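Asks: I am attaching a structure below and will ask some questions about it afterwards.
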Amino acid sequence: MLNYLKSEQYRLLRKKATYILPFICFLLITAAAVVLILSDQQMVEFPYATNQFFYANVIGGIILILIVAFLFNLLLTGNRELAVLKQTVSFGIGRTAIFYAKLLVTLGYFLLVCALGLTLVIALAEGLFAQGESLIQPFLVASANMLPLVLSGFIAVHSLRMIQVGEVYVIVLVLVVYRLSGDLIRAVSNLIPGLDGVYQYAPSTLLNDNLTQFGNQSAQLDFRVWLTGLVLAALFLAIGHLKFLKQPIE
């Protein structure tokens, strides 16, 4: 397992996309700040050049974050990568080792990029937009509330890609679970009584509540996001791992 883990890490670090993707992400974050600054300079009483608005765009950008997670995960689960799994298995590498090594390597890389991205966001927000009270603490609390759901989304992408679910279907599923789940559960609850409690734990509901609390400057750690994140992560891991163990590799 350890040797294969190092092998996957070596392969990841040799890819140009490993360095291009973070560069593009950091560039887009910086560009967003520059656009707000320029708009503030050119428009009278422009209301959005504030650290709160800049932070809120990050807290509310779960779909963009999960798309980035999807792209990072593809570095080791893309079609080319999955096409050589047969050779890997023929060398005596167990399927469990393959499944989790790819997950750990890409997830570690993704979390590192996220940490650097958060640092950049804070530096830009506090350096360019801060007016009066600093919002670093509520932003970090709101970011911590996003973490378990982002991790579960990353695991969902990885598990689905390892069992060769098409990329478009993966994106659609992620969109439904993390952006539309609350609305869907609420619609169904009108037909099936008793689902109101489930609605409160839907990923999209939790993310919307987190954004609202940040906007009201009342952000606090929410145990519901950890419960929902752990349940989703365990569910996708179980489905992906068990199906990968049985799936024919061509």
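Asks: Only Cα pairs under 8 Å and at least 6 apart count here; give the relative contact order of the range 1-150 as a rounded whole percent.
Replies: 41
Asks: Note down the magnitude of the dipole of the chain about its Cα centre, charges +1 on Lys and Arg C-beta and -1 on Asp and Glu C-beta and zero elsewhere, to the nearest 20 debye.
Replies: Dipole magnitude for the chain comes out near 1320 debye.
Asks: Using the Kyte-Doolittle scale, which helices in the chain average at least -1.0 and also have C-alpha atoms spread 20 Å or more along the helix axis, with helices defined as whole DSSP H runs?
Replies: What comes out of the filter, once short or polar helices are dropped, is 17-42, 62-77, 95-124, 136-162, 223-246.
Asks: Please say if the range 41-171 is rounded, prolate or oblate, where rounded means a/c under 1.5 for a ≥ b ≥ c the square roots of the C-alpha gyration tensor eigenvalues, and otherwise the choice is prolate for a/b larger than b/c and oblate otherwise?
Replies: prolate
Asks: Top to bottom by accessible area (1.4 Å), largest first, where do SER90, SER204 land?
Replies: If we order SER90, SER204 from most to least accessible, we get SER90, SER204.
Asks: Moving on. With a 1.4 Å probe and every protein chain left in place, tell me how much accessible area ILE67 has, in Å² to the nearest 10.
Replies: Number for this one is 80 Å².
Asks: Next question. Per residue, how much accessible area does the range 77-226 have with a 1.4 Å probe, in Å²?
Replies: 49
Asks: Using a probe of 1.4 angstrom, how much of the accessible area of the chain is carbon and sulfur, in percent?
Replies: 67
Asks: Restricting things to Cα coordinates, could you compute the convex hull volume per residue of the range 168-212 in Å³?
Replies: 68
Asks: Related question: Under 17 Å Cα to Cα from LYS246, which lysines show up? Leave out anything in the same chain fewer than 8 places away.
Replies: Result set, ordered by chain and number: LYS86.
Asks: Out of LEU64, LEU124, LEU173, any idea which swings most in a Gaussian network model of the chain, alpha carbons joined below 10 Å?
Replies: With Cα springs under 10 Å in the chain, the top fluctuation among LEU64, LEU124, LEU173 is at LEU64.
Asks: Same structure, new question: DSSP loop GluC sites (Glu not before Pro) in the range 1-85 with at most 16 other Cβ atoms within 10 Å of their Cβ, which ones?
Replies: Listed in order of number, the matching sites are GLU45.
Asks: Once the mean 1/r over all distinct Cα pairs of the chain is inverted, what Kirkwood radius in angstroms do you read off?
Replies: Its Kirkwood hydrodynamic radius stands at 19.7 Å.
Asks: A further question follows. Quickly estimate the mean residue ellipticity at 222 nm for the chain, helices only: each DSSP H run with n ≥ 4 gives -39500 (n - 2.57), and the total goes over all residues, rounded to 500. All intermediate terms of the calculation are to be shown ahead of the outcome.
Replies: On the way: 13 runs with 190 residues, N = 250.
-24500 deg cm²/dmol, from helical runs alone.
Asks: State, as an integer percentage, the relative contact order of the chain based on alpha-carbon contacts under 8 Å between residues 6 or more apart.
Replies: Relative contact order comes out at 27 percent.
Asks: While we're here: Evaluated at 20 °C with a viscosity of 1.002 mPa s, what Stokes-Einstein diffusion coefficient in µm²/s does the range 1-74 have when Rh comes from the Kirkwood expression over alpha-carbon pairs?
Replies: In µm²/s, the coefficient rounds to 143.
Asks: Work out the charge dipole of the chain with +1 on the Cβ of Lys and Arg and -1 on the Cβ of Asp and Glu about the Cα centre, then indicate which of LEU235, VAL170, TYR100 is farthest towards its positive end.
Replies: Checked the options; the winner is TYR100.
Asks: Provide, as a two-decimal number, the C-alpha radius of gyration of the range 111-250 over 2.2 N^0.38 Å, N being how many residues it has.
Replies: 1.23
Asks: May I ask you to derive the relative contact order of the range 144-250, considering only C-alpha pairs under 8 Å and at least 6 residues apart, and to give it as an integer percent? If you can, show how the numbers build up before the last one.
Replies: Working: 94 pairs, mean separation 46.8, N = 107.
Taking the mean separation of contacting Cα pairs over the length of the range 144-250, I get 44 percent.
The values are calculated or read from the model by the stated rules, or taken from the named source; none is laboratory data. This structure is a prediction, so every number in the text was calculated from the model and none was measured. Cβ: placed from backbone, ideal geometry, glycine included. Neighbour counts: every protein chain shown. For accessibility, only protein heavy atoms count, side chains too; no ligands or nucleic acids. Shrake-Rupley method; radii C 1.70, N 1.55, O 1.52, S 1.80 Å.
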